[in-house]
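Everything below concerns the one structure shown next.
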Amino acid sequence: MEFFDNHCHLDDEKFDEDREELIKEIRKQNVTKIISAGYNLESSKKAINLSEKYNFIYSTCGISPNDIPQSEQELWKTLQEIENLLQQKSKIVAVGEIGLDYYWNKENKELQKLAFIEQIKLANKYNLPIVIHTREAASDTIEILKNNEVKNKGVFHCCPLKSVDLVKDALKLQFYVSFAGPVTFKNSKNANEIIKMVPENRMLIETDSPYLSPEPLRGTRNTPINVKLVAKKIADVKMQSIEEIANITYANAMKLFNIS
Ligand code: NI
């Protein structure tokens, strides 16, 4: 049984002390594919470096809504640098994480939207799917996706559990939904309903580590190994075996991110 953690941040400073040993341990524990997600220029470059060093690690490049530069001029410059990275084509499997976040940033909605739309264009130009981060911005996110077709689709990462409707819209648009630690939290009211709602062929699993450790490890440093706990929760709700969930989500991720 092999697991695919399709979203984590192995470049994070919380892994600085033991990154090498941890990566070996992850591989031993049968998490055999990992995507380290970029969220700004720096982390995108670090993710690429990791993917060049380890054959089971892949990367994404992008500017997240919480890392938007102050001015439009700076944003264009940063987007150009992201495009320079995409041209390297070095195991970059998606543009992301990109999207809208009105929880942390309400003051720059127009710049967020511009960055999101321009990065969708980059994904289309380089024939890649996108990784979406959306928080408190459901209707604008869906509107942008309706008005800007993403050729290779993508994934709603760390499935937002507040809005059942957002998940319905994501599925209607043929996007994947990726479950993370919060589905295991005791206070996540909609988790079971949403897990049941997402069909097998649209389902992915991730850790978003080092943050959001699943139960019973909530509050500790998260690692890609814990993707198993997310798989277990889904298996319990869907009344399937953890092996079935591992296999399905592994195959889905290979397909979406075009890994052979
Ligand atoms: Ni993330």
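Just so it is clear, none of the values below were taken in a lab; they were calculated from the coordinates. These numbers were taken from a predicted model, which means no experiment stands behind them. Every residue, glycine as well, gets a Cβ built from its backbone with ideal geometry; the counts of neighbours run over all protein chains shown.
For the reader, a short list of remarks on this structure follows.
- Around the Cα centre of the range 1-116, unit charges on the Cβ atoms of Lys, Arg, Asp and Glu (plus for the first two, minus for the last two) sum to a dipole of about 440 debye.
- For the range 41-173, the Kirkwood hydrodynamic radius from C-alpha pairs, put into Stokes-Einstein at 25 °C and a viscosity of 0.890 mPa s, yields a diffusion coefficient of 164 µm² per second.
- Computed over the chain, the Cα gyration tensor eigenvalues convert (square root of 5λ each) into semi-axes of 26, 22, 17 Å, ordered from largest to smallest.
- The range 118-197 shape via C-alpha gyration tensor axes, a/c threshold 1.5: prolate
- A simple spin-label model places pseudo-atoms 7 Å from Cα toward Cβ; at Glu13 and Lys186 they are separated by 3.3 nm.
- Highest-fluctuation residue, Leu217, Leu86, Leu100 considered, GNM on the chain with Cα pairs under 10 Å: Leu217
- Cα centroid of the range 129-186 to Cα centroid of the range 1-49, whole Å: 22 Å
- Spin-label pair Asn55-Glu74: with each label point 7 Å from Cα along the Cα-Cβ axis, the two points sit 4.2 nm from one another.
- Calculated FRET value between Lys121 and Glu243, using beta carbons and R₀ = 35 Å, to 0.05: 0.30
- Hydrodynamic radius (Kirkwood) for the range 190-260, which is based on Cα pairs only, to one decimal in Å: 12.7 Å
- Potential lengthening between Met254 and Lys232 on full extension [0.36 nm per residue; Cα-Cα distance subtracted]: 5.9 nm
- Sorting Trp76, Trp104 from the fewest to the most surrounding beta carbons within 10 angstrom yields Trp104, Trp76.
- Net charge in the neighbourhood of Asp236 (other residues with Cβ under 15 Å of its Cβ; Lys, Arg +1, Asp, Glu -1) is +2.
- Convex hull volume per residue for the range 5-46, taking Cα atoms only, in Å³: 65 Å³
- Between Lys28 and Ser139, the simple spin-label model (points 7 angstrom out along Cα→Cβ) gives 5.2 nm.
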